[in-house]
1. Look at residue 293 and say whether it is within 16 Å of the ligand (Cβ to nearest atom), in a helix (DSSP H, G or I) and either in contact (Cβ under 8 Å) with a residue 40 or more places away in the chain or not charged (D, E, K, R) (or both).
2. What are the residues in segment 349-396 that are more than 30 Å from residue 127 (Cβ to Cβ), in contact with a Leu (Cβ under 9 Å, 6 or more places away or on another chain) and away from the ligand (no atom under 16 Å from the Cβ), if any?
3. Is it the case that residue 265 is part of a helix (DSSP H, G or I) and farther than 14 Å from residue 356 by Cβ?
4. Please state which one of 104, 26, 76 is in contact (Cβ under 8 Å) with a residue 12 or more places away in the chain and farther than 26 Å from residue 188 by Cα.
5. Within segment 347-356, is there a residue that is among the charged types (D, E, K, R) and touching a helix residue (DSSP H, G or I) at 6+ places or on another chain (Cβ under 8 Å)?
6. Can you name the number of the only condition in (1) within 30 Å of residue 453 (Cα to Cα); (2) away from the ligand (no atom under 16 Å from the Cβ) that residue 412 fails?
7. How many residues are without any contact (Cβ under 8 Å) to a residue 40 or more places away in the chain and touching a Ser or Thr at 6+ places or on another chain (Cβ under 7 Å) when one looks only at segment 107-133?
8. State all residues of segment 409-442 that are in contact with a helix residue (DSSP H, G or I) (Cβ under 7 Å, 6 or more places away or on another chain), over 21 Å from residue 300 (Cα atoms) and among the acidic types (Asp, Glu); if no residue qualifies, say none.
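The values are calculated or read from the model by the stated rules, or taken from the named source; none is laboratory data. Note that the coordinates shown come from a computational prediction; the quantities given were computed from them, not determined experimentally. Reconstructed Cβ throughout: ideal geometry from the backbone, glycine too, with neighbour counts over all protein chains shown.
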Amino acid sequence: MSNTTTAFPDGFLWGGATAANQIEGAYLEDGKGLSIQDVMPHGITTPRTAGPTDDNLKQVAIDFYHRYAEDIALFAEMGYSTYRFSIAWSRIFPNGDDAEPNEAGLAFYDRVLDELEKHGIEPLVTISHYETPLHLAEAYDGWVNRDLIGFYERYVRVLFARYGSRVKYWLTFNEINSVIHAPFMSGGINTPKDELSPTDLYQAVHHELVASALATKVARELAPNAQIGCMILAMPVYPLTPNPDDVMAALTTDRTNLAFGDVHVRGAYPGYYLRSLREKGVELDITEDDRRLLAENTVDFVSFSYYASVCETADASKRVTGEGNLFPGVRNPELRASEWGWQIDPVGLRIALNQFWDRWQKPLFIVENGLGAKDELVEVDGIRTVVDDYRIAYLNDHLVQVGEALEDGVEVMGYTSWGCIDLVSASTAQLSKRYGFIYVDRNDDGSGTLERFRKKSFGWYAEVIRTRGAAL
Ligand code: BGP
């Protein structure tokens, strides 16, 4: 394996990440209401269904709801010091606009936290990860409606009051910039994307940003030891050529993501963002209270997902579109890609870390990174496993670059690889796009025993954590 000169610092948080709708199952158990995921059986490229359908793998997912103790014990065996998971809003407020929370839903996360505490694993909680209660989508058109801010505030007040003394690290919205690309999944916006006006879309973005600031405000009040982070889908954008027009085009595209960090860290919209809204003919309804909330409640840290980088060009004739996490970009001729076309770029992670640190001077947390791949369960020395050397290579190369960024002086709080246990993919809604260190015996047709098996990468990651990166 390649060498890194860096010993990761003592307090560095090592772990894995998941989201409720992708692992829990139990989709109607203990009073849970429907979420938007319950009507997305085939991922983001297919329109939502009228109601739940039997072919939605998320109804059972990997049954974490009943197997969390076994799974957390496996995370502990790998030596995790943190585990990122999300709370399903519709377990706590089944319709989203209910007056009172659902006690059985709250009790489930108490049990998860008990288990983490037992193993000395620090929880990292995403408040909203692509699982808006369905009723809020249908009755309000999701985040287009300003009322969502109040419903979200009610939800976070309950979370901070209940778990605030036990959970230090919180993320307000998963990949908050993705609402622009996946308005239903990320913003609960029921209006089909091609009928949604730019004004409604950017107003929804604004409401989420205000709600995020409000969550920070509520945390200061109810959970003073909490650290609040924003969470951004990071995808560094390179100019396709050294032509200055390409460089400017790359900067412009990059800023469509960076703007979200700018608002969370600086507390106001940057000029380039306001210009892009003017050019789209969008006039936002921003109140004085909104401005104050944004300005007074900036985040403690910036977290992000990183899977791939993309290119940009000003020359439409040179534009070859590639795939990317939730939204495509111009393909980089220099890079390989995963089976799903996401281009693999470990150095891009070092670039993103340096760019964010230079720009925001806030501690950074890599809360998603990993390789989606088709795995094969085999028997080695009588033990069932997956020989996932491709995953080990991907993660190793990315972690080496994190080490380089630490040497560069970037403050990195931790690293949670995505889908540390196999789960239902967000974009395809399938189980065959696997990310985990732990194989789950469940197939796209719903067959399988749900039994868990340690992959080769399980032992590799345990060794990396044990040696604090020296094994990279
Ligand atoms: C991010 C999401 C995750 C996760 C990941 C991998 O966009 O935050 O929920 O799923 O991407 O994406 P996919 O599952 O589509 O491979």
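1. Working: within 16 Å of the ligand (Cβ to nearest atom): no; in a helix (DSSP H, G or I): yes; either in contact (Cβ under 8 Å) with a residue 40 or more places away in the chain or not charged (D, E, K, R) (or both): yes.
No.
2. So the first thing to find is which residues in segment 349-396 are more than 30 Å from residue 127 (Cβ to Cβ), and the list is 374-390, 392-393, 396.
Going one step further and asking which of them are in contact with a Leu (Cβ under 9 Å, 6 or more places away or on another chain), we end up with 384-386, 388, 390, 393, 396.
Across segment 349-396, the qualifying residues are 384, 385, 386, 393, 396.
3. On the way: part of a helix (DSSP H, G or I): yes; farther than 14 Å from residue 356 by Cβ: no.
It is false that residue 265 is part of a helix (DSSP H, G or I) and farther than 14 Å from residue 356 by Cβ.
4. Details: 104 fails: farther than 26 Å from residue 188 by Cα; 26 fails: farther than 26 Å from residue 188 by Cα.
On inspection, the qualifying residue turns out to be 76.
5. Going through segment 347-356, the residues among the charged types (D, E, K, R) turn out to be 350.
With the extra rule that they be touching a helix residue (DSSP H, G or I) at 6+ places or on another chain (Cβ under 8 Å), the set shrinks to 350.
Yes, segment 347-356 contains a residue that is among the charged types (D, E, K, R) and touching a helix residue (DSSP H, G or I) at 6+ places or on another chain (Cβ under 8 Å).
6. (1)
7. Residues in segment 107-133 being without any contact (Cβ under 8 Å) to a residue 40 or more places away in the chain and touching a Ser or Thr at 6+ places or on another chain (Cβ under 7 Å): 0 in total.
8. If the condition is that a residue be in contact with a helix residue (DSSP H, G or I) (Cβ under 7 Å, 6 or more places away or on another chain), over 21 Å from residue 300 (Cα atoms) and among the acidic types (Asp, Glu), then no residue fits.
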